[in-house]
Every structure is written in C-alpha cells, then in structure tokens.
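Working notes, beginning with the structure itself.
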Amino acid sequence: MNIDIKAFYDLSYGVYIVGSCLDGKPNAMIANSVMQVTACPEKLAICVNKESLTHEYILKRGFLSVQAIKEGSDMVFIGNFGFRTGRNFDKFAKYKFNLTQNNLPAVLENTLDIFEIKTEQTIDLKTHTMFIGNVVSAEVLSGEGKPLTYNYYQTVMRGKTPRGATTFKG
C-alpha cells in the first residue's frame, strides 16, 4: 500500500500563532496543527517542532498561547513569525502585542482571538511534541474577519510549507 501525500492536503487546518514567554522574552511561531480535543473541560492539542525556540519555552514554562490568524493577512506578517527563528530575530519588533495575565504574548494585529493554555500532557511524536492542555482563558480580539485556513494559505496566497511544519514532507 502506498501513501499519496496529496491525500493529506484534504485535511482541514488553520494557521495560528503559537507563543510563550520565558524570562521576560516572548517568542512565537506559526503552526497549523491545533485542535480542540474536548469541550468540557476545554482542552486544545497543539503540535510544535522540537527544534523551535517556542518549543523550548513551552516545555520550561508549561504555558502557551494560540491565536487564529485572519484571512487577508499578508505574507510578510506570516513570514515574520513562521520563517525566522527567535534565537536571532525579534519577532515582536514590528508588531503590536501585549503580555497576558499569564505572561504570554498576544499579537494585536491580524489575529482574531487568543487562547491561553496550561499544558497538562505531552506526547513525543519524534520530530514534534503534541502539547495537550487546559484552556485557562479565551478572548475574542476582533469580531471582524475569517480565520486563515492552511488551504487558503497554500492555494490562494501560494504560501510554502517550512521544513519544521507538521505537514512538511522533504
């Protein structure tokens, strides 16, 4: 039996900013593998590449933020958080953000909402870690716009899949 990678393109994904903060320094990345896993209690699962600085922050802090990106956001914005590393680049230098009550970065531009999650469980997926956590707060930041889907990002915006993404097949 063979595996046709094109079949995976029919799975629905969103495009999200996943962030955390360690020792007063915020960092964030783009992720597409975020999903609600239970409604009561409210839990989300988020997959993060082990090589990312955000992964390191989440492991050490046990908290992360998730924000849905608005459709219509430009590639410069997405590239700022998705194609650069926070190890040698300040991803927050050009964009307005606040730190939440739980000291997590909340990007105030091109996002619809913010979830704050306290990690409860991790699952080792070899190249990635799946963080499963309780939603400790959720807030709508903008009632305007639609969430950016990964399909729209790829087909309309002609976005590329970075090497560290869960959907990257080298």
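The values are calculated or read from the model by the stated rules, or taken from the named source; none is laboratory data. Fair warning: this is a prediction, and the values are worked out from it, not measured in the lab. Positions of Cβ are backbone-derived with ideal geometry, glycine not excepted, and every protein chain shown enters the neighbour counts.
Got a sec? Which of F92, F81 is buried (at least 21 other Cβ atoms within 10 Å of the Cβ), in contact with a strand residue (DSSP E or B) (Cβ under 7 Å, 6 or more places away or on another chain), aromatic (F, W, Y) and touching a residue at least 12 places away in the same chain (Cβ under 8 Å)?
Working: F92 fails: buried (at least 21 other Cβ atoms within 10 Å of the Cβ).
None of the others qualify; the one that does is F81.
Please list, ordered by first then second residue, the pairs with beta carbon atoms under 8 Å, 6 or more apart or interchain, first in region 137-148 and farther than 14 Å from L108 by Cα, second hydroxyl-bearing (S, T, Y).
Final answer for the pair search is S137/T100; L148/S73.
Being of a type outside the set (S, T, N, Q) and in contact with a Gly (Cβ under 8 Å, 6 or more places away or on another chain) is true for just one of G86, G72, G82. Which residue is that?
Being of a type outside the set (S, T, N, Q) and in contact with a Gly (Cβ under 8 Å, 6 or more places away or on another chain) holds for just one of G86, G72, G82, which is G72.
I'm trying to understand the selection: among the residues of region 1-22, which are touching a Lys or Arg at 6+ places or on another chain (Cβ under 9 Å) and at pLDDT below 95?
Listed by number, the residues that qualify are I5, F8.
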